[in-house]
1. Name the residues in region 155-195 that are hydrophobic (A, V, I, L, M, F, W, C) and open to solvent by 10 Å² or more (accessible area, probe 1.4 Å), would you?
2. Could you tell me whether any residue of region 130-139 is within 29 Å of GLY36 (Cα to Cα) and assigned to a loop (DSSP other than H, G, I, E, B)?
3. Kindly establish whether LYS137 is over 19 Å from PHE168 (Cβ atoms), in contact with a helix residue (DSSP H, G or I) (Cβ under 9 Å, 6 or more places away or on another chain), without any contact (Cβ under 8 Å) to a residue 40 or more places away in the chain and surrounded by 14 or more Cβ atoms within 10 Å (Cβ to Cβ).
4. Here are some conditions: (1) under 30 Å from GLY200 (Cβ atoms); (2) modelled with pLDDT under 95; (3) among the aliphatic types (A, V, I, L, M). ILE140 meets all but one. Which one does it not meet?
5. Tell me the helices (runs of 4 or more DSSP H) entirely within region 182-263 that contain at least 2 residues that are out of contact with any helix residue (DSSP H, G or I) (no Cβ under 9 Å at 6 or more places or on another chain).
6. Residues in region 127-142: is at least one touching a strand residue (DSSP E or B) at 6+ places or on another chain (Cβ under 7 Å) and not small (Gly, Ala, Ser)?
7. Looking at ILE172, is it assigned to a helix (DSSP H, G or I), within 22 Å of GLY29 (Cβ to Cβ), in contact (Cβ under 8 Å) with a residue 12 or more places away in the chain and not basic (Lys, Arg)?
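The values are calculated or read from the model by the stated rules, or taken from the named source; none is laboratory data. Source: prediction; values computed, not measured. Here the Cβ is made from the backbone with ideal geometry for all residues, glycine too, and neighbour counts use every protein chain on show. For the accessible areas, the whole protein counts, side chains as well, though only heavy atoms, and no ligand, DNA or RNA atoms are used. Shrake-Rupley method; radii C 1.70, N 1.55, O 1.52, S 1.80 Å.
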Amino acid sequence: MGMMEVSHLTRDYGQGKGIFDLSFSIAPGEVFGFLGPNGAGKTTTIRHLMGFLRPHEGSCTINGMDCRKDAARIQKNLGYIPGEIAFFGDMDGWAYLSFLQKYRGMSGGNRMMELIARFEVNPKGKIKKMSKGMKQKIGIVAAFMHDPAILILDEPTSGLDPLMQGRFVELIQEEKAAGKTILMSSHMFEEVERTCDRIGIIRSGKLVALDSASALGAKHRKRYTVTLATSQEASDFATAFGGEQNRLNPCQVTLTQKQTLEDIFLHYYAEEDKP
């Protein structure tokens, strides 16, 4: 059994909106990338995993516990970054983080202070007056500071500059090495490629692809055959462009074009737009 199990999960909002018969599993210690544009069903799926929504059909569990019925038990060892972070606006950053420490029964603040330094967080002042990026950093500190075994991250680097995005990728890589189980929804293809073991692509509430980044890339490679006038020209061409000369027909060269994760993602959505 996986650490996270989504089985035939359905929530139908009508007019084709929602998620439909969604099934996937995330193994212990796996980082799972969840890709799809706004409105595809990523956040709806995550809200079910967090226990905020009751499925119309199907189920979802974390560590063998029902996400709706056992939400309180699950969340004791879970870190969460919502797609739209909502804070107590009149509370200042230090007060908010201190509140979370007490709520979670944390005895020390070493991890919190390490994250504050790492992401250059300034928790002074009211949260409602902070920039989008600073609010996101506080959300990251809040999600990771109690060292949870499970993390659910919905667009975690939204509003961060490239330097902080890079630091976040390093943090995920460290958490992965420590055996954490992570579901990460993201629009940042590079960070998904650098951190995720497997990737699920959701389109119109249905899972249309589920595999490792390398396997998806191999599946969607494009191959071209070029015919030259002579075998010597073909040999020179193959050397210059990294192609493979055909042994049976030495005037032909085969070129293989690797697809990026963004290319693969767009391929699935281009299919949807076809008449």
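1. Result: LEU160, LEU163, ALA177, ALA178, MET188, PHE189.
2. Scanning region 130-139, I find at least one residue that is within 29 Å of GLY36 (Cα to Cα) and assigned to a loop (DSSP other than H, G, I, E, B), so the answer is yes.
3. no
4. Failing condition for ILE140: (2).
5. 213-219, 231-241
6. Taking every residue of region 127-142 in turn, at least one turns out to be touching a strand residue (DSSP E or B) at 6+ places or on another chain (Cβ under 7 Å) and not small (Gly, Ala, Ser).
7. yes
Results for (1) more than 13 Å from the chain's Cα centre (by Cα); (2) buried (at least 17 other Cβ atoms within 10 Å of the Cβ); (3) small (Gly, Ala, Ser); (4) modelled with pLDDT under 75, shown as yes or no for each residue.
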| site | (1), (2), (3), (4) |
| --- | --- |
| ILE201 | no, yes, no, no |
| ALA215 | yes, no, yes, no |
| HIS220 | yes, yes, no, yes |
| ARG223 | yes, no, no, no |
| GLY242 | yes, no, yes, no |
| GLU272 | yes, no, no, yes |
